[in-house]
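Student: Here it is: the structure, laid out below.
The values are calculated or read from the model by the stated rules, or taken from the named source; none is laboratory data. Since the model is a prediction, treat every value here as computed from it, not as a measurement. Here the Cβ positions follow ideal geometry from the backbone for every residue, glycine too, while neighbour counts run over all protein chains shown.
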Amino acid sequence: MISDNSLGRHSLLRAWIRIHSTGLATSELVLVACLSVFVFGHGFSRLGPVSLPSVVLSSLVLPLMTGVAVATAAVNAVHLDLPDPWRVRRARLGWCAMWLGMAAASAGSGLLVRAPSSELLLPTIRNVLVYSAISLPLATERKGSLIWLPAVLLTLAAAVFGFADNRDQWYWWAVVLDAQVTGHQLVAASFLMLLAAAHYTFRDPAGRRTTL
């Protein structure tokens, strides 16, 4: 026999899912997973009529969509003036962590069929962290229609202007297109993501000052 507490928890979970843009975020991750299987490790050197200064790997660009998906899942479409106790903040943190993990799995799904490209796993994870970190704050601040903008602008700028021909490498700010990854990059990306997650967790979605 199902207890009242169990029914209450399931009802709260269903309500939580419904007030967030879960369906759209899920569709984005499924699309990325399918694309990753086919294009993981492949590159392109043109962006429409524009010739790029260096080959850009598709597997490094796909995390753009997963970062947007993480932010999309954080968009609260209801914006009711509700209490914001600690348990709600913990729920937001868990929600963010869950979608971040799903985003990493989606972007790296191409590894399941392209084992030789396993060296791209860490750069892919780095990019998931970076794109999520720069997209999530806009969702937190109720700018859901703009969550894609920072990621797209960064990628376009990096693809066109981010490669230093004289040094044959990407500039530091164009790190999302660098197929090589360093420990410093992973630490910096993780730190940015932690800041974005903390902002999402402790920022009152209704714009009120939170109370302990």
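Student: Starting from the range 119-138, take each residue that is farther than 12 Å from ALA69 by Cα and free of Cβ contacts under 8 Å to residues at least 40 places away in the same chain and list its partners that are among the polar types (S, T, N, Q) and buried (at least 24 other Cβ atoms within 10 Å of the Cβ), counting only C-beta distances under 7 angstrom and pairs at least six apart or across chains.
Tutor: none
Student: With the checklist (1) modelled with pLDDT of 80 or more; (2) touching a Ser or Thr at 6+ places or on another chain (Cβ under 6 Å) in hand, flag the one item SER54 doesn't pass.
Tutor: It fails just one condition, (2).
Student: Would you pick out the residues in the range 145-167 that are crowded, with 21+ Cβ neighbours inside 10 Å and part of a loop (DSSP other than H, G, I, E, B)?
Tutor: Those that are crowded, with 21+ Cβ neighbours inside 10 Å and part of a loop (DSSP other than H, G, I, E, B): ILE147, GLY162.
Student: Output the residues belonging to the range 106-118 that are in a helix (DSSP H, G or I) and either in contact (Cβ under 8 Å) with a residue 40 or more places away in the chain or among the β-branched types (Val, Ile, Thr) (or both).
Tutor: Hits for the range 106-118 are SER106, ALA107, SER109, GLY110, LEU111, LEU112, PRO116, SER117.
Student: A follow-up question, please. Would you mention how many residues in the range 82-101 are under 27 Å from SER59 (Cα atoms) and buried (at least 19 other Cβ atoms within 10 Å of the Cβ)?
Tutor: Residues in the range 82-101 being under 27 Å from SER59 (Cα atoms) and buried (at least 19 other Cβ atoms within 10 Å of the Cβ): 4 in total.
Student: I would also like to ask the following. Inside the range 24-40, can you point out the residues that are of a type in the set (S, T, N, Q) and either farther than 16 Å from THR124 by Cβ or in contact with a Cys (Cβ under 9 Å, 6 or more places away or on another chain) (or both)?
Tutor: Within the range 24-40, THR26, SER27 qualify.
Student: Follow-up question, since we're still on this one. Considering only the range 39-59, state which residues are surrounded by 15 or more Cβ atoms within 10 Å (Cβ to Cβ) and free of Cβ contacts under 8 Å to residues at least 40 places away in the same chain.
Tutor: GLY43, SER58
Student: Out of the residues in the range 177-190 meeting the condition of being in contact with a helix residue (DSSP H, G or I) (Cβ under 7 Å, 6 or more places away or on another chain) and part of a helix (DSSP H, G or I), tell me which one is nearest to ARG46 (Cα to Cα).
Tutor: LEU177
Student: Can you find even one residue in the range 168-176 that is exposed (fewer than 13 other Cβ atoms within 10 Å of the Cβ), assigned to a helix (DSSP H, G or I) and modelled with pLDDT under 95?
Tutor: Checking the range 168-176: at least one residue is exposed (fewer than 13 other Cβ atoms within 10 Å of the Cβ), assigned to a helix (DSSP H, G or I) and modelled with pLDDT under 95.
Student: Considering every residue within the range 122-144, establish whether at least one is at pLDDT below 95, out of contact with any His (no Cβ under 9 Å at 6 or more places or on another chain) and not in a helix (DSSP H, G or I).
Tutor: The answer is yes, given that some residue of the range 122-144 is at pLDDT below 95, out of contact with any His (no Cβ under 9 Å at 6 or more places or on another chain) and not in a helix (DSSP H, G or I).
Student: For TYR171, all conditions in the list (1) within 14 Å of the chain's Cα centre (by Cα); (2) without any contact (Cβ under 8 Å) to a residue 40 or more places away in the chain hold save one; what is the number of the exception?
Tutor: Every condition holds for TYR171 apart from (1).
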